[in-house]
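K.L.:
Quick one: structure below, then a few questions.
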Amino acid sequence: CSGKVYFAGKPHVFRGAIDAEPGELPELHVAVPRRGMTPLPLDLVFGDDHRIDGTLGDGISETVSATGWRNTWNKTLDPLSDILAGYFTALLEPDASDGGIGDPNVPQGTGFFSLTNVASGVATWSGKTADGSLVKRSSFIGPDGEFGCWAPLYGNLGSLQGSGMIDGTTRLISGATVWTKLPPIKPGREYPDGFEVTLHPMGGPYSPTILEDTVATQFSADTPNAAITFSEGGLAESETDPNVEGTIFKGTKGMVLTVPLPTKDPDTNPNPGKVKLRLIAKTGLFSGTFGLSDPNPSGAVKPIGRTGSFSGILVPSIGSFAGGYFKLPQLPDPDAEPATTLKTSPILSGKVEVLPIVP
């Protein structure tokens, strides 16, 4: 047999022979070669349930578990079931027990992805982590609805790695992934110390019809009926509150999410953060910007304006109707060493949500 192991973002090809003793599960034991480096010991057991379990070592002292599954689906002879096939959306929610929630050294936004599964079993997922890193991969669905979540990030100095599962009855998505970023050689403005957090995929099937049904049952017919809220990401330091009430409704070309235009009267302005957003009802993706205005920390008379950009996805099949992240440059700090400006201050990630307004 032959295969390929990705280690620290680099592929390593191996060949070996499967040991298949009568009455026992087949096994594979191979040292994966690496040019100029210690081989990686790989040990796998092939179960009779189309699954693989085993371990992978770093060739020195560390060992991690390895698990996988065989693609049992065939477009013609055994197509993926209707329960598992189709288009799904999900949020990457942080683990409450992991210690990252509320930590300014960890992105506080919510990552998200969409998952498209076809009859042949091929699964394609595409999304973003809470710092805006794009993740797009393809794999295949396991015999019980499993799918892999893996993508190298930050020039192989980080990754998103784990797995999810689609429930065979409810069609809801669950799972666990680890999001890692190592400190880069050249520190930038976004989380230069790195981080490691556990995220849980949470979602389910999505379609414009599901969206319409959810809005009809969960949202008021009054205007406005949707709250667009922003939190964390350094917003507590701003005098501008970007939270805004909008309206989601069925227009002539499908579902629409709108927010009111800002006005100049500070006492009655319905949109002080000048929020602009766009919803693509077909995919559930939404994006936009907001603006903040604050006194200049240097003491200058002219206030400082900042723009935050946000992205997210609708997940009407779970309690959180929609979620995502925003990125915001922090206020300059003239007392820092060295002093920071609007072009050098840290960029933090915060959370954006869209929730029904309860009458």
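K.L.:
Would you call residue 201 without any contact (Cβ under 8 Å) to a residue 40 or more places away in the chain and of a type outside the set (Phe, Trp, Tyr)?
P.N.:
Judged against the criteria, residue 201 is not a match.
A quick yes/no check of all residues on (1) over 26 Å from residue 289 (Cα atoms); (2) of a type outside the set (A, V, I, L, M):
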position	(1), (2)
177	yes, yes
186	yes, yes
197	yes, no
206	no, yes
210	yes, no
214	no, yes
227	no, no
234	no, yes
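K.L.:
Looking only at region 98-128, how many residues end up being part of a loop (DSSP other than H, G, I, E, B) and either at pLDDT below 95 or touching a strand residue (DSSP E or B) at 6+ places or on another chain (Cβ under 6 Å) (or both)?
P.N.:
Matching residues across region 98-128 total 14.
K.L.:
Quick check on my filter: what residues within region 243-257 are of a type outside the set (A, V, I, L, M, F, W, C) and either surrounded by 15 or more Cβ atoms within 10 Å (Cβ to Cβ) or part of a loop (DSSP other than H, G, I, E, B) (or both)?
P.N.:
The answer is 243, 245, 246, 247, 252, 253.
K.L.:
Identify, from the list 158, 145, the residue that is in contact (Cβ under 8 Å) with a residue 12 or more places away in the chain and farther than 17 Å from residue 203 by Cβ.
P.N.:
158
K.L.:
Next question, about the same structure. Given (1) under 30 Å from residue 87 (Cβ atoms); (2) of a type in the set (Val, Ile, Thr); (3) modelled with pLDDT of 95 or more, identify the lone condition not met by residue 344.
P.N.:
So the condition that residue 344 fails would be (1).
K.L.:
State all residues of region 248-266 that are modelled with pLDDT under 90 and over 23 Å from residue 321 (Cα atoms); if no residue qualifies, say none.
P.N.:
Matches in region 248-266: 266 only.
K.L.:
Would you mind telling me which numbered condition in (1) assigned to a strand (DSSP E or B); (2) under 15 Å from the mean Cα position of the chain (by Cα) residue 131 fails?
P.N.:
(1)
K.L.:
Let me ask something else. Select from region 227-267 the residues that are closer than 21 Å to residue 309 by Cβ and small (Gly, Ala, Ser) and write down the one among them that is farthest from the chain's Cα centre (by Cα).
P.N.:
Here the answer is 238.
K.L.:
Then there is this: Those residues that are assigned to a loop (DSSP other than H, G, I, E, B) and among the hydrophobic types (A, V, I, L, M, F, W, C), I need them from region 258-301; list them, please.
P.N.:
Listed by number, the residues that qualify are 259, 261, 275, 281, 300, 301.
K.L.:
Please go through region 318-359 and give me each residue that is touching a strand residue (DSSP E or B) at 6+ places or on another chain (Cβ under 7 Å), β-branched (Val, Ile, Thr) and either part of a loop (DSSP other than H, G, I, E, B) or farther than 30 Å from residue 166 by Cβ (or both), ordered by number.
P.N.:
Residues satisfying the conditions are 318, 347, 357.
K.L.:
Right, here's the next one. Quick one: is residue 84 touching a Phe, Trp or Tyr at 6+ places or on another chain (Cβ under 7 Å), in a loop (DSSP other than H, G, I, E, B) and in the same structural domain as residue 126 (by TED's automatic domain parsing)?
P.N.:
Spelling it out, it is not the case that residue 84 is touching a Phe, Trp or Tyr at 6+ places or on another chain (Cβ under 7 Å), in a loop (DSSP other than H, G, I, E, B) and in the same structural domain as residue 126 (by TED's automatic domain parsing).
K.L.:
Follow-up. Taking the residues in region 59-97 that are at pLDDT below 95 and of a type in the set (Gly, Ala, Ser) as candidates, determine which candidate is surrounded by the fewest Cβ atoms within 10 Å (Cβ to Cβ).
P.N.:
Of everything passing the filter in region 59-97, 61 is surrounded by the fewest Cβ atoms within 10 Å (Cβ to Cβ).
Residues are listed down the side, and each one gets a yes or a no for (1) farther than 30 Å from residue 251 by Cα; (2) among the acidic types (Asp, Glu):
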residue: 270; (1), (2): no, no
residue: 305; (1), (2): yes, no
residue: 308; (1), (2): no, no
residue: 313; (1), (2): no, no
residue: 316; (1), (2): no, no
residue: 340; (1), (2): yes, no
residue: 350; (1), (2): yes, no
residue: 353; (1), (2): no, yes
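K.L.:
Now, a different point. Checking residue 199 against (1) out of contact with any Asp or Glu (no Cβ under 8 Å at 6 or more places or on another chain); (2) under 16 Å from residue 323 (Cα atoms), only one condition comes out false. Which one?
P.N.:
It fails just one condition, (1).
K.L.:
Looking only at region 1-44, how many residues end up being free of Cβ contacts under 8 Å to residues at least 24 places away in the same chain, surrounded by 15 or more Cβ atoms within 10 Å (Cβ to Cβ) and among the hydrophobic types (A, V, I, L, M, F, W, C)?
P.N.:
Here the count works out to 2.
K.L.:
So which of 213, 167 is charged (D, E, K, R) and at pLDDT 95 or above?
P.N.:
167
The values are calculated or read from the model by the stated rules, or taken from the named source; none is laboratory data. Fair warning: this is a prediction, and the values are worked out from it, not measured in the lab. Don't worry about glycine lacking a Cβ; one is built from the backbone with ideal geometry, like all the others, and counts go over all protein chains shown.
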